Amino acid sequence: MTPCLRPLLFGLVLLPLAAQADRPLAVVAPWEITGLDPSTSGYVFARMRVAETLIDTDAAGQPAPGLASGWQVSDDGLTWRFTLREGVTFHDDSPLTAQAAALSLEHALAKPGILDSAPIVAIEAEDADVVVHLDSPFAPLPALLAHSTTLILAVDAFDDEGRATQMIGTGPYRVASVAPPQRLTVERFDGYWGETPAIGSASYLAVGRGETRALMAESGDADVVFTLDPASRARLARHDRLALHAEPLPRTIVFKLNAEHPFLEDERARQALSLAVDRVGIAAGLLRHPEAAAAELFPASLGPWHLGLAADEAQDVERARELLTQLGWEANGRGMLERDGEPFQLTLRTFSDRPELPLVATALQDQWRKIGVALEVAVGNASEIPSGHRDGSLELGLMARNYGLVPDPLGTLLDDFGTDPETMGGDWGAMGWRDADVVAWLDTLRQEADMDARAELAGQVARRLNEAMPVVPVAWYQQTAAVNAELEGFSIDPLERSYRIDELRWGE
């Protein structure tokens, strides 16, 4: 059934065009719903506009008013005061109060999440303000409060132990039904404090296989399909009932290395693997976006964190061989490297939720074989990378790391590269790599408000990471979507905080 007929048929009689206002929207994406708690699945409910955060972002990706109409910080940097927007109600018709907002943030703070990076001592409600007390200055706090793990829910959404048992938010849509791990349906919330959405109801379906998602777009079983593989994009671009969209994101395809592995502990080995990568070939041939090739972690959209390194100058196979020779590796009769009778063989773990990753992994396998490194590719679940990090079994992990989780990459970097020189970094960051200078620079960035000083420190961190390579960039990710051509107002949020379904409408 074509997408224009599917919602309009009643028996065999076409409904009048006015019925388009009640036509539901079907959204498909790769990411499963693992529960109701913002700490695990907040991103789904934020993207489907069910729940909101104190802080939003503006068109430039900078912190902007959300449920908080404004905020201020004390002179000593230790007290932040967020003033709530007036006239906001939750989906259970209870009012948004400072007490409710503070309670949500206290629950978020008690669970693993982005707020772990902030030195929060207490969260209190004072009249219409949420007050956050710190034990040391922390400049990016507003950016952290834009993250989906800090969604503000009604008091009755939580049980006595602080677990979210209901999803009761303040967004323009409220939950009609939810069936983890795959399906969510939402309906318009007429009591929303902002502009009323044009589309009355929508569904979300988690579909892991990229080929299946593309077929759903092609058949009309889905109206908006996110994250398309290159082959599917080429095919769907010829479909006259679909519009394709792409938006560069502050998300980088990277491989992390276990720097405590005997083959990888010397940074020359990590540099050699990086020098052997044909980033331009991968970006053009596999990702179909030549401009996506990345010789550094941070794209230009992240300002002072961007070093301006040229991707077409990042490959030097002969230099890679020289570095490995310095480390005692020699080619055997088959051209593969050995040292002390042991082959240079590694296993790279990746996952298919992002369909381009297995393709990139295979390209790395071929390119590293040319310098004598044997790579086994293991495609599994995304959870296998952090679990391998924690138990020490991970050698290499290929993933897409989002440095735009909040409107300041510092929050992600604090998690990935640690605030303590004795720790190994976060599950998705450095493994077995410690650098006291980076820790000190990140700690200073936590407190520094002067923009020029922050820019200088950001550049220092980016340069050191590029030299030591605990995490190696390959390409900058681009979000893609196939959209029913009858939809109007579609756009991609470059920070992936929202699917912006409340901005869509059906054409007449």
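The values are calculated or read from the model by the stated rules, or taken from the named source; none is laboratory data. Just so you know, these numbers come straight off a predicted model, no measurement behind them. Because the Cβ atoms are built from the backbone with ideal geometry, glycine has one as well, and the counts that use them run over all protein chains shown. Quick note on the areas: whole protein, heavy atoms, side chains included, nothing else; ligands and nucleic acids left out. Shrake-Rupley method; radii C 1.70, N 1.55, O 1.52, S 1.80 Å.
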Point to revise | Conditions (1) open to solvent by 40 Å² or more (accessible area, probe 1.4 Å); (2) touching a Lys or Arg at 6+ places or on another chain (Cβ under 9 Å); (3) among the aliphatic types (A, V, I, L, M); (4) within 30 Å of Leu445 (Cα to Cα); number of the one not met by Ala246 | key: (4)
Exercise for review: Please work out if Trp506 is in contact (Cβ under 8 Å) with a residue 60 or more places away in the chain, within 30 Å of Ser352 (Cα to Cα), open to solvent by 10 Å² or more (accessible area, probe 1.4 Å) and aromatic (Phe, Trp, Tyr).
Suggested key: no
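Residues checked against (1) out of contact with any helix residue (DSSP H, G or I) (no Cβ under 9 Å at 6 or more places or on another chain); (2) touching a residue at least 60 places away in the same chain (Cβ under 8 Å); (3) open to solvent by 50 Å² or more (accessible area, probe 1.4 Å):
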site	(1), (2), (3)
Thr149	no, yes, no
Asp156	yes, yes, yes
Gly191	yes, yes, no
Ser201	no, yes, no
Gly208	yes, yes, no
Ala217	no, yes, no
Asp221	no, yes, yes
Leu236	no, yes, no
Review point. Can you pull out the residues in region 281-327 that are of a type in the set (S, T, N, Q) and at pLDDT 95 or above?
Key: Gln315, Thr325, Gln326
Review point. Looking at Ala202, Ala217, Ala198, Ala243, which is the one that is among the aliphatic types (A, V, I, L, M), farther than 30 Å from Trp368 by Cβ and assigned to a loop (DSSP other than H, G, I, E, B)?
Key: Ala198
**Study point:** Pro112, sole failed condition from (1) surrounded by 16 or more Cβ atoms within 10 Å (Cβ to Cβ); (2) modelled with pLDDT under 95; (3) not aliphatic (A, V, I, L, M)
**Key:** (1)
Review point. Within the group Leu359, Leu396, which residue is of a type outside the set (Val, Ile, Thr), open to solvent by 30 Å² or more (accessible area, probe 1.4 Å) and touching a helix residue (DSSP H, G or I) at 6+ places or on another chain (Cβ under 9 Å)?
Key: Leu359
Check your understanding: So is Thr89 within 20 Å of Asp156 (Cα to Cα), surrounded by fewer than 22 Cβ atoms within 10 Å (Cβ to Cβ), of a type in the set (S, T, N, Q) and more than 18 Å from the chain's Cα centre (by Cα) or not?
Key -> yes
Exercise for review: Return yes or no: is Thr165 within 27 Å of Tyr204 (Cα to Cα), crowded, with 24+ Cβ neighbours inside 10 Å and of a type in the set (Ser, Thr, Tyr)?
Suggested key: no
Exercise for review: State whether the residues of region 269-283 include one that is among the hydroxyl-bearing types (Ser, Thr, Tyr) and in contact with a strand residue (DSSP E or B) (Cβ under 6 Å, 6 or more places away or on another chain).
Suggested key: yes
Exercise for review: Out of the residues in region 180-189 that are open to solvent by 50 Å² or more (accessible area, probe 1.4 Å) and outside any loop (DSSP other than H, G, I, E, B), state the one that is farthest from Asp156 (Cα to Cα).
Suggested key: Arg183
Practice item. Report whether or not Arg251 is in a loop (DSSP other than H, G, I, E, B), of a type outside the set (A, V, I, L, M) and either under 21 Å from the mean Cα position of the chain (by Cα) or at pLDDT below 95 (or both). Key: no
Revision key, fill the gap. The correct count of residues that are β-branched (Val, Ile, Thr) and in a loop (DSSP other than H, G, I, E, B) in region 383-409 is 1
Revision key, fill the gap. If we keep only residues of region 62-77 that are within 22 Å of Pro38 (Cβ to Cβ) and part of a strand (DSSP E or B), then the residue nearest to the chain's Cα centre (by Cα) is Pro63
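Results for (1) in a loop (DSSP other than H, G, I, E, B); (2) open to solvent by 60 Å² or more (accessible area, probe 1.4 Å); (3) of a type outside the set (Asp, Glu); (4) at pLDDT 90 or above, shown as yes or no for each residue.
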| residue | (1), (2), (3), (4) |
| --- | --- |
| Arg6 | yes, yes, yes, no |
| Ala21 | no, no, yes, no |
| Val27 | no, no, yes, yes |
| Glu32 | yes, yes, no, yes |
| Leu36 | yes, no, yes, yes |
| Gly42 | no, no, yes, yes |
| Phe45 | no, no, yes, yes |
| Val50 | yes, no, yes, yes |
| Ala60 | yes, yes, yes, no |
Check your understanding: Has region 319-336 got any residue that is open to solvent by less than 60 Å² (accessible area, probe 1.4 Å), more than 19 Å from Val471 (Cβ to Cβ) and under 20 Å from the mean Cα position of the chain (by Cα)?
Key -> no
Point to revise | In region 329-345, the residues that are closer than 21 Å to Glu318 by Cβ and assigned to a strand (DSSP E or B) | key: Glu330, Ala331, Leu337, Glu338, Arg339
Check your understanding: Looking at region 220-236, which of its residues are within 24 Å of the chain's Cα centre (by Cα), part of a loop (DSSP other than H, G, I, E, B) and at negative phi?
Key -> Ala222, Asp223, Leu228, Asp229
Exercise for review: Pull up region 434-492, narrow it to residues that are part of a loop (DSSP other than H, G, I, E, B) and touching a His at 6+ places or on another chain (Cβ under 8 Å), then point me to the one that is surrounded by the fewest Cβ atoms within 10 Å (Cβ to Cβ).
Suggested key: Ser491
